[in-house]
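The values are calculated or read from the model by the stated rules, or taken from the named source; none is laboratory data. All of these numbers come straight from a predicted model, not from anything done at the bench. Note that we place each Cβ from the backbone using ideal geometry, even for glycine, and neighbour counts take in every protein chain shown.
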Amino acid sequence: MKKLYKIFGNLYGAIIFLFFAILICFVLTQFIIGNSLNFNEKFACEGDFCDSNKQSFNFKIDKKSYSFGDTIKLKIDFNNFAVGENIGLRVKGIKAKNGLFKINKSRQVEIKGNPYQIIYNVKVPYCSKCSGIGKGKHSLEVAIIKNGKIIESKNENIILK
C-alpha cells in the first residue's frame with residue numbers, strides 16, 4: 001500500500017507540477033505576445049516616415065546654373081493625391097535687393113493620375129541691374145497649397161551668372 005501511495009503520490013505531484021508549469025507558460029506567452037502586438041499596433045506606423053498614403057511631392061530643376069532671361073524647367077512629381085483633385089502650386093524665388101521675389105508664380109494643378117508629374121517653366125528676369133538682382137546663389141521654393149494652407153514646401157538653390 002505504501003508503494004502504491006508513493007507511486008500515486010508522486011504521480012499526483014507530477015501532474016500538479018505539469019499543470020502549473022503549462023499554466024505559467026501559457027500566461028507568459030500571452031503576456032509577451034499581447035505586449036508585442038500592442039507595441040506593433042501602437043508604434044509601428046507613427047510619424048510621417050511610414051505612412052505610405054501620405055500626400056507628398058518632389059521637384060527637380062533641369063540645371064543648377066542660369067543666365068538672366070533663361071527658363072527654369074521644374075519637373076514636379078505628386079504622390080498619393082486623389083485623381084481629379086485640384087492642388088495649388090506656388091513657385092517663388094530670386095530675391096531682389098529690395099526684398100521682393102522676382103519669381104512669384106501660382107497656379108492650380110488638376111491631378112490626373114497617381115503618381116502624377118508636370119513640367120512647369122518659369123523665366124529668370126532679363127536684366128540684373130534693372131531688376132535689382134545680384135549674380136550668385138539664389139533660392140527657389142516650390143509649395144503645395146491645399147484649402148488655402150501650405151501643406152508642404154521644398155527649396156532648391158540655383159546660381160545666376
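Residues are listed down the side, and each one gets a yes or a no for (1) surrounded by 10 or more Cβ atoms within 10 Å (Cβ to Cβ); (2) of a type in the set (Lys, Arg); (3) out of contact with any Asp or Glu (no Cβ under 8 Å at 6 or more places or on another chain); (4) modelled with pLDDT of 85 or more:
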{"residue": "Gly13", "(1), (2), (3), (4)": "yes, no, yes, no"}
{"residue": "Ile33", "(1), (2), (3), (4)": "yes, no, yes, no"}
{"residue": "Phe39", "(1), (2), (3), (4)": "yes, no, yes, no"}
{"residue": "Asp51", "(1), (2), (3), (4)": "yes, no, yes, no"}
{"residue": "Ile72", "(1), (2), (3), (4)": "yes, no, no, yes"}
{"residue": "Lys97", "(1), (2), (3), (4)": "no, yes, yes, yes"}
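So, in the stretch 125-161, exactly how many residues are over 30 Å from the mean Cα position of the chain (by Cα) and not in a strand (DSSP E or B)?
The number of residues fulfilling the criteria is 12.
For the subset of the stretch 104-130 comprising residues that are touching a residue at least 40 places away in the same chain (Cβ under 8 Å), in contact with a Lys or Arg (Cβ under 9 Å, 6 or more places away or on another chain) and not β-branched (Val, Ile, Thr), which member is farthest from Ile94 (Cα to Cα)?
For the stretch 104-130, the residue satisfying everything is Gln117.
Here are some conditions: (1) exposed (fewer than 11 other Cβ atoms within 10 Å of the Cβ); (2) touching a residue at least 60 places away in the same chain (Cβ under 8 Å). Ile76 meets all but one. Which one does it not meet?
(1)
Identify the residue in the stretch 65-90 that is in a strand (DSSP E or B) and of a type in the set (Val, Ile, Thr) and, among all such residues, is farthest from the chain's Cα centre (by Cα).
By that ranking, first place goes to Thr71.
If you check Val91 against the conditions, is it in contact (Cβ under 8 Å) with a residue 12 or more places away in the chain and either within 19 Å of Asn157 (Cα to Cα) or among the hydroxyl-bearing types (Ser, Thr, Tyr) (or both)?
So Val91 fits the description; yes.
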